[in-house]
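A quick write-up on the structure given underneath.
The values are calculated or read from the model by the stated rules, or taken from the named source; none is laboratory data. These numbers were taken from a predicted model, which means no experiment stands behind them. Every residue, glycine as well, gets a Cβ built from its backbone with ideal geometry; the counts of neighbours run over all protein chains shown. Each accessible area value is taken on the protein alone, full model and side chains, heavy atoms only, with ligands, DNA and RNA left out. Shrake-Rupley method; radii C 1.70, N 1.55, O 1.52, S 1.80 Å.
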Amino acid sequence: MGLLTNLKDSITRVTDRLFSESDPKRIGIYGPPNAGKTTLANRIARDWTGDAIGPESHIPHETRRARRKENVEIERNGQSVTIDIVDTPGVTTKVDYKEFLDHDLEKEDAVRRSREATEGVAEAMHWLREDVDGVIYVLDSTKDPFTQVNTMLIGIIESQDLPVLIFANKTDLDESNVGRIENAFPQHETVPLSALEGDNMDEVYDKVAEYFG
Ligand SMILES: Nc1nc2c(ncn2[C@@H]2O[C@H](COP(=O)(O)OP(=O)(O)O)[C@@H](O)[C@H]2O)c(=O)[nH]1
Ligand SMILES: [Mg+2]
């Protein structure tokens, strides 16, 4: 190939990049098991695309591999933001198959689930370093937010300089305490919601557009 052809190709590549629509932002939904990550991911997907991402479950670690929904277009105030939603397995310091036995699973199935969950956590952490543009960190607002996992994960997210929003989920429950989460992570914005009931979703989408658009 001649020099001129090379030059022409390079110019085409640069102008294509300049004038094409920007790639969707990949938003990872992180947090401990059972915080409501999959419920939230499904609600966002249903609200904007009409279908869901994956099953929600009261058994911890139902989401053992990350799932994603691509090109979810969220419209806010006449502007549209396109995101890829990644629903990750809950991150925890310990995955024990005995936890699954409490949920009436056979031992073999419980051991397999815990092995998969451990791999899923490693995968989610890898993506946090390599593959996400922003993070929604979901917490169950009826639970104590001061845990090693939350402190560690928020620390890692901060060290990557990723935009992060903290979602205080399950506000429909009487024991919900959003203030406790705000106090735990005052450096970040906390958005209260009930992913299950669909409460406060307008503010959720406003903030998603503002932070990740
Ligand atoms: N009361 C209440 N329960 C919720 C809410 N969001 C999720 N849950 C329940 O919490 C459990 C775990 O939800 P899931 O989305 O699977 O959590 P994940 O492990 O973080 O993906 C399920 O039984 C959900 O129905 C909520 O806003 N309010
Ligand atoms: Mg899940």
Inset, instruction - Scan segment 148-171 residue by residue and report those that are under 13 Å from the mean Cα position of the chain (by Cα) and surrounded by fewer than 19 Cβ atoms within 10 Å (Cβ to Cβ). - result: LEU162, PRO163
Legend entry - Sole exception among (1) closer than 12 Å to ASP144 by Cα; (2) open to solvent by less than 30 Å² (accessible area, probe 1.4 Å) for ASN183, by number: (2)
Inset, instruction - Select from segment 25-63 the residues that are charged (D, E, K, R) and more than 18 Å from VAL132 (Cα to Cα) and list them in ascending order. - result: ARG43, ARG46, ASP47, ASP51, GLU56, GLU62
Legend entry - Within segment 41-79, considering residues that are under 15 Å from VAL204 (Cα atoms) and away from ligand 1 (no atom under 16 Å from the Cβ), the one surrounded by the fewest Cβ atoms within 10 Å (Cβ to Cβ): ASN77
Legend entry - THR88, sole failed condition from (1) polar (S, T, N, Q); (2) at negative phi; (3) open to solvent by 70 Å² or more (accessible area, probe 1.4 Å): (3)
Inset, instruction - State whether one or more residues within segment 104-111 are among the acidic types (Asp, Glu) and in contact (Cβ under 8 Å) with a residue 24 or more places away in the chain. - result: no
Inset, instruction - Select from segment 125-163 the residues that are of a type outside the set (Ser, Thr, Tyr) and in a strand (DSSP E or B) and write down the one among them that is farthest from LEU173 (Cα to Cα). - result: GLY134
Inset, instruction - Working only within segment 124-147, note down all residues that are β-branched (Val, Ile, Thr) and open to solvent by less than 30 Å² (accessible area, probe 1.4 Å). - result: VAL132, VAL135, ILE136, VAL138
Inset, instruction - Any chance you could count how many residues in segment 91-112 are within 19 Å of TYR137 (Cα to Cα) and crowded, with 18+ Cβ neighbours inside 10 Å? - result: 2
Inset, instruction - Only one of these is surrounded by 13 or more Cβ atoms within 10 Å (Cβ to Cβ), within 14 Å of ligand 1 (Cβ to nearest atom) and either among the aromatic types (Phe, Trp, Tyr) or assigned to a strand (DSSP E or B) (or both): ILE83, ILE29. Name it. - result: ILE29
